Structures are given as C-alpha cells and as structure tokens.
Amino acid sequence: MEYIHAHYNPYIVTLSVFIAILASYIALNIVGKVGQSTGRNKTVWMSLGAFVMGSGIWSMHFIGMLALEADLSMSYDLKMVALSAVFSILASLIAFYVTLEAVTRLWKISLGGALMGAGIVAMHYTGMAALHTAVMITYDPVYWLLSLAAALIASYAALLLFRRFRNHPGFSTWKFYSAIVMGLAISGMHYVGMAAAQFHYTQQELEGAPPAGQMLLISAVAIVTLFILAASWAAVFVERHVLERMAYSDPLTGLPNRHGLQRYFAKEFTEKTEGAVLFLDLDRFKSINDTLGHDVGDELLVEVSKRLQQCVKNQGIVFRLGGDEFLIASSTGSVDTTIQLAESILDSIKQPYHLANNQLFITGSIGISLVPQHGFERTFLMRAADTAMYVSKNTGKNKYSIFSEDMNQRQIRRMELEKDLRNAQEQEEFFIVYQPKWDSQHNRLTGMEALLRWKHPQLGIVSPGEFIPIAEETGLIIPMTDWILEKVCEQNKIWQQIAGIHIPISVNMSARMFECSAFPERIAQILADTGLEPQYLELEITESIAMNGIEGTVDQLQQIQQQGVGISLDDFGTGYSSLGSLDEMPVDIIKIDQVFVRNIDHASKQSIISTIIAIAYNLNMEMVAEGVETVEQIQFLQSKGCYIMQGYYYGKPMTVEQMNQWLEQSADHIPLAE
C-alpha cells in the first residue's frame, strides 16, 4: 500500500491558530458576561458564547484541513460539514453551561469536560469523514489516542479558564495569555488528530494537482469565519462601551450612577486605601423645582455637577445618586485634604447660578465618612456619610460633618423609631394633648391647640421633635394627621355637647398633606362625619408651606378657607416668606413665634414683635403670641395690641382628662353656647 506524502501551508496554519486564539479570547470575555447576567440575558450571552467558540473551533479545524497540501483531488459533503459544526457548538455550550453556577461540584466539571472533549473529537472526525476523495484514510492508533487526550486536556483547560474569568468581563493580560494557551491547545488537538490520519492509494491515476478553486475556498472560509468572530466581538464591544455606559451613567449629568459606584468601591477601596466618602445633598432644591419648574431644576443639577467635577479634579470621582444627591468617592488623601475638599465644594455651590433669566442661590450639606477609620465596606460608608449629612442639614445647612460613633447611635435609634412608628397608630400608642389659648383682654378661653404625643412601650414619651421629622420623611405623617384631625373634631364635638364649650381647636399641618389635591375634600369629609361646624377647626401651617410648598398649595388652602375652616400661620418671623406676599396668603391668624416672646427683654426682639403686630393689624389678621410664661411678657404684648396668648402661664399641654379638670376649674372664664 502506497502512502501519500502531504505537508501543510504555514500561512494557512497560522491563520487557523490565530482564529482559535481569537475565538478563545472572545469566549473568555463572553463567559464573564454570562457570570454577571441574569435571566434571559444569561441565556443570550451563553448561546452567543457557545456559537462563537464552537464556530471558531470548527473553522480552525476546517481551515487546518484546507492547509493540507497533497496530490489529491478532494471535495466535502456539506451535510457532514454542517454536522461537525453542530458537534463543535454543542461542545462549547456544555462548557458555558458548566460555568453558570458560582460553585460547581467536581463530578459536574469532570463530566462536563469529558462531554466537551467528546464533542470536539466528534467534530474533528466527522469533519474528516466529510472529506470525499478516492484515497483510503486510516488512523494511527497511537496518534488517535493522543488526539483524544489532547481534546480532553483542551476541554478541561477551557473549563478552568472559564471559571477563572467568569466574573471578569474586561480586558486583562492574564486573560490574553490564557486565550493563547487555550487556542494553542485546541490547535494542537487538531494537528495531532491530523497526524493520526494516513492517506494511501493504489491507483496511480489519482495523482494530480489540486483543483484551482482550492484557494478561493480557503479565502471564503477565512472571510466568513473572521466576519462571524468580528461580529461577535463587536457585540461585546457595543455592550461594554455603549450599553454599559447607559447602565452605569446618569443620563442628565453624565456622571457615574449607583451602579458605577458599586464597581468603583469594589475596585478602589482595599485595606491599603486611605480616602473618604462625601455625601452631598442640596438645601431647599425642592423649592426651586416646584417654583421654577423641573427644567430649571435639571439645568441647576447639571451646573452643580460641573462645579463638583472642577472641585474634585484628580482627588476622586463624582457620582449622582438621584434627585439632588451626589456622592464624591476619593481613594486617596488624608483627613485634612478631605476637609479642604468639602470646604471648596460648599464654597463653589453657594456661588450664584444664572439660569433661564433667574439668578439662583443654593447651598449644600455634606456628610463625610473616612477610610479606613470607618471601614471599607460600601454600604456602611455610604450610610455613615448619609447620617453625617443629615446632621449638617439639621444643624444649620451649608456645612459639613464627619461621621462619629455618636451619630451612629442616633442613626440606630432613628431606625428603631421608624420601625416602631409604623405600628404605633395600630397599637394605640398615640395620644393628643390640648393647650389653651387665652384672651387676656377679656380674661377668657378663646381656643386650643391640639398636639400629638407618642408613648413608646419601652422608651416612654418620645419627643415630637424626634418622631415628627421621621413621620414626615416616611410619609407616615399623612395617616397620623388624618387620625388626629378625626379625634380632635370628635373631642371638640363632645365638649360642645357635654360642656357647652364652643371654641376652635387648631391642628398642625405637614407639607406632605398638600401633596394630594384632594386634601380639601378630606377636611370636608371629616367635618361631615363628626358633625363639627367648620368654624371650630383651624389648620396651622408654616411659612415654608404657604410660600415654598408644592404647586397648588395656596389653592387648596383657599378651598379649605372657603369652607369656613380657619388658617393660622405658625412660627411667624422664623421662615423665609416675603412680607410683600403676605397679603396674598390665605391666612386668618398670625402666631408670633416663642423665640421672640421668650427673649422679649431684648430690644431687637421687641422691635420684631412690634413690627409683626403692626403687619397683622394692617392686614386685619388675628394674632396669637406663643410661649407666654411671665407677667412682663403679657404686659408688653398687651401694650402693643396683642391679646390672644398661649403658653405655660395660662396652661400647659394637657390630656383630655386633665383638660376636663382644667375646664371645670376655669368654668367662669369659658364662653358657653348662647
């Protein structure tokens, strides 16, 4: 039997090895996307990876066969060629499937490697069977076994590399080297298998030159294969650089978002890092958004982001978390440089903004957590910085605060209060106290103010200054206010029926109540359900609600006022309202804040009180002075024309039982029904 001597075209061999390495590198990239994807995306990436790797292995094999140069006339069975491609893709699919789980048992890896190796062997020898030629092909058993071993080694190597890079979709030098090793292993298996093939014939007339179409076939296969691999690589590139940018960037400012923040922390904050996290929240941004519109608000956020980036420069990265919240993460720098950065940010933000023909002023509150002093874990650092930011906001705004353990304890207490507050109403832990308002000119009761109190089962009485802000932030203030309105109206009706007392009782309102346009209808419904006439109910609002509240607040107040319900302006003189707009506000009563009353011996406070009284008198508004505790305060207020007073001098806040006793003792000074 005469053997045919064959050799390989080195250029085509090089091309086949290059395709194997390229397919391996793309497959290692895609396996990283499989590891980070979920649901349908995981299936899509796994299918794409199996197709790319399978077609790469198959095309490498096919081009390798075309690299064989011998005096043979060869053609291929297209059905067998397609079947060999199916085996290659199925083998690759097995490899990707084994990498799905974060922890895979040894038997599963062993079985997966064996099946993948068997698939590659099936692909190779099915492709050899697709070869149509008059010669006889036999296989050297030693080389055949070596090719089988090479296929198994290449398969197990691929599985190990896939698991090694399942969570690393980006470029790395080690991944590049691994792709070279993996590509050479696949190529080695092919050429060992080809070495096992022996071509021999007995008919001399079969000798001849290869057909002229051979090179055209090689070029077509190479071009199609490279096109498939290039398209797959382009898909990975687009996903990483376009879709990933959309996923990890804020569309308004272009800054990295929360997802980008997670990646930054995982990469930059290690045990050797010294840095900081600065949590920034803009002060009174909502007022600008509500009064000038969201378009101006968006422009302001863009300008703020630019100023932040100018301040930070190379000291860290600016992230937008949403709304008016920004975070600056710095993995370099000391405490002193962090403080300098915070001061420069505050100074930059408070400079005027010129937007849409408006000159705007805004400030920021910053909370700082330090690395490594406060740890390295992203969640805790952000929570610590957020806690410190609220300290800045609650202690005057336009300042920075560095997180401390004391703040942490307050945050823990706040979280516990928030949790318990959600069940407090259902557990009947709320109760109402009433403080009398006294007409000092006629020496009689003229009204009351209802105040909400919370008796915690373990902590006792919780200060309203502590739980009311939590209720407002969480939205719990809305059902709480509904409850107090119903209870106050019911109690007022009881006093009218039993004691014959007809006086208005006021209830403090939160801005959250006006977020629903149906609030006036809710007031009307409560009055109807309790049978209380509207003139015996008053709503107390703050200046910020009336002047800087949500759109439609003034209209709602006017609707409530038209029902006959009184509107009083609480804590007047401490807010931000414009005196020029006071006459346009739907207000019946002005309450002079106790800050001025308690310091009535100061000349400046006396001037302010005199001015407030003069304003109310000229606008035909009633006046109530809060915090009255001494005879001297009463005498000064009366001298200026203010006679309705509220404070400990006339009565402290009392429960219903205490108020009933007080009413009996003050019966001679209580107006009864005619």
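For the reader, a short list of remarks on this structure follows.
- Two-site FRET efficiency, residue 332 against residue 631, from Cβ-Cβ distance with R₀ of 56 Å, rounded to 0.05: 0.30
- Set of the range 292-316 residues, backbone N closer than 20 Å to the point 7 Å along the Cα-Cβ line of residue 360: 292-311
- For the range 312-465: accessible area per residue (Å², 1.4 Å): 48 Å²
- Using Cβ point charges alone (K and R +1, D and E -1), the dipole size of the range 595-674 about the Cα centre works out to roughly 380 debye.
- Local electrostatic count, residue 588, Cβ distance below 12 Å [Lys/Arg +1, Asp/Glu -1]: -2
- Karplus-derived 3J(HN,Hα) values for the range 308-321, using 6.51 cos²θ - 1.76 cosθ + 1.60 with θ = phi - 60°, are 4, 5, 5, 6, 6, 6, 8, 7, x, 10, 9, 10, 9, 8 Hz; glycine and proline are entered as x.
- Centre-to-centre, using Cα atoms only, the range 405-478 and the range 623-669 are separated by 22 Å.
- Selection among 450, 415, 425 by position relative to the dipole of the range 404-526 gives 450 as farthest towards the positive end (Cβ unit charges, Cα centre).
- Selection from 400, 384, 363 lying farthest towards where the dipole of the range 338-410 points positive, charges on Cβ: 363
- Karplus (6.51, -1.76, 1.60) ³J(HN,Hα), θ = phi - 60°, over the range 350-367, in Hz, Gly and Pro reported as x: 7, 5, x, 10, 10, 10, 6, 6, 10, 9, 10, 10, 8, 10, x, 10, 10, x
- With 0.36 nm allotted per residue and the present C-alpha distance subtracted, the residue 502-residue 110 stretch has 132.3 nm of extension available.
- When the pairs 419/455; 350/591; 350/397; 393/591; 306/350; 286/397 are compared against a 20 Å limit on Cα-Cα distance, 350/591; 393/591 fall above it.
- 3J(HN,Hα) along the range 464-479: x, x, 9, 8, 5, x, 5, 5, 5, 5, 7, x, 5, 4, 5, x Hz, from the Karplus curve 6.51 cos²θ - 1.76 cosθ + 1.60 with θ = phi - 60°, whole Hz, x for Gly and Pro.
- Cβ-Cβ FRET estimate between residue 350 and residue 604, R0 fixed at 25 Å, reported to 0.05: 0.40
- Short-range pairs are left out: with C-alpha atoms under 8 Å and at least six residues apart, the relative contact order of the range 350-405 is 37 percent.
- Distance between the modelled labels on residue 515 and residue 473, one decimal in nanometres: 1.4 nm (7 Å Cα→Cβ projection).
- Residues residue 267 and residue 611, FRET efficiency given R0 of 45 Å [Cβ-Cβ distance, rounded to 0.05]: 0.15
- Cα-centred dipole magnitude for the range 284-424, charges only on beta-carbon of K, R (+1) and D, E (-1), debye, nearest 20: 140 debye
- Apportionment of accessible area to carbon and sulfur, the range 386-451, percent (1.4 Å): 42 percent
- Selection from 484, 527, 461 lying farthest towards where the dipole of the range 454-551 points positive, charges on Cβ: 461
- Chain lengthening between residue 652 and residue 533 when straightened (0.36 nm per residue, less Cα-Cα): 40.2 nm
- Computed from point charges on the beta carbon alone (+1 for Lys and Arg, -1 for Asp and Glu), the dipole magnitude for the range 315-379 about its Cα centre is near 120 Debye.
- Summing charges over all other residues whose Cβ lies under 9 Å from the Cβ of residue 507, with Lys and Arg as +1 and Asp and Glu as -1, gives -3.
- Under a 5 Å amide H cut-off, with hydrogens placed 1.01 Å from N, residue 506 pairs with 448, 449, 450, 538 among residues at least 5 apart or on other chains.
- Net charge of Cβ neighbours under 12 Å - reference residue 318; Lys, Arg +1; Asp, Glu -1: +2
The values are calculated or read from the model by the stated rules, or taken from the named source; none is laboratory data. Remember, it's a predicted structure, so these values are computed and weren't measured experimentally. Quick reminder, even Gly has a Cβ in these numbers, built from the backbone with ideal geometry, and neighbours come from all protein chains shown. Please note that ligands, DNA and RNA were not included when accessible areas were found on the heavy atoms of the full protein model with its side chains. Shrake-Rupley method; radii C 1.70, N 1.55, O 1.52, S 1.80 Å.
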